[in-house]
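Data block below; observations after.
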There are 2 protein chains.
Amino acid sequence: MGGTAERLLDLAEARIREAGYGGFSFRDLAAEMGIKSASVHHHFPTKAGMTAAVARRYRERFFEIVAPRRDKSGDEAIAIYRSAFRSAIEQDGRMCLNGMLGAAAGGLPPEVAEEVKAFFRRCVGDLSSRVGGPDAVARAFHVMAALEGGLILARAFRDITAFDQATASLNTQGQP
Amino acid sequence: MGGTAERLLDLAEARIREAGYGGFSFRDLAAEMGIKSASVHHHFPTKAGMTAAVARRYRERFFEIVAPRRDKSGDEAIAIYRSAFRSAIEQDGRMCLNGMLGAAAGGLPPEVAEEVKAFFRRCVGDLSSRVGGPDAVARAFHVMAALEGGLILARAFRDITAFDQATASLNTQGQP
DNA sequence: GTCTATAATTTGATAGAC
DNA sequence: GTCTATCAAATTATAGAC
């Protein structure tokens, strides 16, 4: 636990959520760890592979937080997602990893783009099944969009209340 | 009209909307134009300055599209914004410039971050004044978030219907 | 696992000729 | 306005010693 590889993933995740795929380098990570970039390559041979590993871990952790409360449904599920997203920007003021990478999806290595797509696919699947009703899928898309966009606004304004205002109506939107 | 500087802004805008601030270089632009990177520096001395110029032009153009129909209000204003955002991804499959830059706001030169903030400030101000009502500001934030997030989903899935589903409820959400 | 050393490429930027 | 030439720095990545 807390080995070098894991801590490298921590640093990479923070940098990607701050400045995107093009905004971090192996030398940055190495310097912050007090090692050399060649040692980073020992743990993660390529940048694309490392980013894919960051995305996989991020997805697993996200659904460890969100999925256990599977008995809850509808508005409560939305509230759980909303609170998970809010804590991201509350803790360190950074973007959702997949929101950041998804925006730049066109310029990403294919293996990274696949991980991002998998994240959103699972979010929409999970949310829509818990929300239910004829517009469940559309509502799941809407919730995910509002959450990611809410983070963008909070980042642009450097003000978390932008996220709160943007997402306040999600819980009380009423179900079909 | 259509001078070198203008065409350089076109190319820079396309690249930024595709891969972000870190995803374009003066040499890329020069190569696409058939000139050398030194000639790009003649028109735009620094990358930060050029990106700020791209953002300024993007904002001006956006409000030339959206603002003239100032007589419209409420749901119609939201529909106008929605259609403006949709045309962005419909035409070239790319992100909104400010959504892309806003996500990475933490790693941007200050002069660029200021332009992005100005864009969203004006959007929220314009939208909220046209929507009206006690929750006008929150609703404006919500609309902007859903539109930017809808673009992210459409990019991640490479499917414009993700945007359509995510934003379908914006028009018919009903006003307070 | 970490290091030194290095290769090969790319980057933002400048000087100065034409 | 565009060019050649160049710089100093950063980038991803590899080879091989310890």
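To one decimal place, what Kirkwood hydrodynamic radius in Å is obtained for the range A:77-122 from all pairs of distinct Cα atoms?
Roughly 11.5 Å, rounded to one decimal.
Between A:ALA67 and B:GLU60, with labels modelled 7 Å along Cα→Cβ, what's the label distance in nm to one decimal, could you check?
Label at A:ALA67, label at B:GLU60, 5.1 nm between them.
Considering only the label points, 7 Å along Cα→Cβ from Cα, what distances in nm to one decimal separate B:ARG61 from the same position in each other copy, shortest first?
Computed spacing set for this position: 3.8 nm.
Expressed in nm to one decimal, what extension gain is obtained for the pair B:GLU111 and B:ARG158 from 0.36 nm per residue of sequence separation less their Cα-Cα distance?
13.8 nm
Please give the helix B:4-19 orientation as an angle from the longest Cα principal axis of chain B, in degrees from 0 to 90, rounded to the nearest 10.
The helix B:4-19 is inclined about 60 degrees to chain B.
Stokes-Einstein D for the range A:11-106 at 4 °C, 1.567 mPa s, Kirkwood Rh over Cα pairs, in µm²/s?
The diffusion coefficient I find is 88 µm²/s.
Among the trypsin sites (Lys or Arg not before Pro) within the range B:1-108, which fall in a DSSP loop and have no more than 11 other Cβ atoms within 10 Å of their own Cβ?
Hits after loop and neighbour filter: B:ARG70.
Hey, with R₀ at 45 Å, roughly what FRET efficiency would A:ASN171 and B:ALA5 work out to, going by the Cβ-Cβ distance, to 0.05?
Once the sixth-power term is evaluated, E becomes 0.40.
Magnitude of the Cβ-charge dipole of the protein assembly as shown, K/R +1 and D/E -1, about the Cα centre, nearest 20 debye?
Rounded to the nearest 20 debye, it is 280 debye.
Be a star and scan the range A:1-17 for residues whose amide nitrogen sits under 11 Å from the point 7 Å along the Cα-to-Cβ vector of A:GLN91.
Within reach of a label on A:GLN91: A:14.
Charges at C-beta only: +1 for Lys and Arg, -1 for Asp and Glu. How large is the resulting dipole of the range B:73-165 about its Cα centre, in Debye rounded to 20?
Roughly 80 debye, rounded to the nearest 20.
Across 5 Å bins from the origin, how do the percents of Cα pairs in chain A run, short distances first?
With a bin width of 5 Å, the distribution comes to 1, 8, 17, 19, 18, 15, 10, 6, 3, 1, 0, 0.
Of A:SER129, A:THR4, A:VAL116, which is farthest along the charge dipole of the range A:1-130 in the positive direction, counting Lys and Arg as +1 and Asp and Glu as -1 at C-beta?
Towards the positive end, the residue furthest out is A:SER129.
So what is the calculated 222 nm ellipticity per residue for chain B, using -39500 (n - 2.57) for each DSSP H run with n of 4 or more, over all residues, to the nearest 500 deg cm²/dmol?
It comes out at -23500 deg cm²/dmol, rounded to the nearest 500.
Just how many % of Cα pairs in the protein assembly as shown lie over 24 Å apart, if you round to the nearest whole percent?
Value for the protein assembly as shown: 56 percent of Cα pairs lie more than 24 Å apart.
Please report the net charge: other residues with Cβ closer than 9 Å to the Cβ of B:CYS96, K and R +1, D and E -1.
Spelling it out: positives minus negatives among the neighbours equals +1.
What is chain B's relative contact order, in percent, from Cα pairs under 8 angstrom and six or more apart in sequence?
Answer for chain B is 22 percent.
May I have the extent of the alpha carbons of the range A:80-176 along their three principal axes, as whole Å values ordered from largest to smallest?
Sorted largest first, the three principal extents are 38, 32, 18 Å.
Dipole magnitude of chain B about its Cα centre, charges +1 at Lys/Arg Cβ and -1 at Asp/Glu Cβ only, in debye to the nearest 20?
200
Between the helical axis of B:75-92 and the dominant principal axis of chain B, each derived from Cα atoms, what acute angle in degrees is found, rounded to the nearest 10?
Once rounded, one gets 30 degrees.
Give the angle, between 0 and 90 degrees and rounded to the nearest 10, that separates the Cα long axis of helix B:47-66 from the longest principal axis of the Cα atoms of chain B.
40
Throughout, read-outs are computed from the coordinates displayed, never taken from laboratory work. In this text the structure is predicted, and so the values were computed from the model without any measurement. For neighbour counting, all protein chains shown are included, and Cβ atoms are generated from backbone atoms with ideal geometry for every residue, glycine included.
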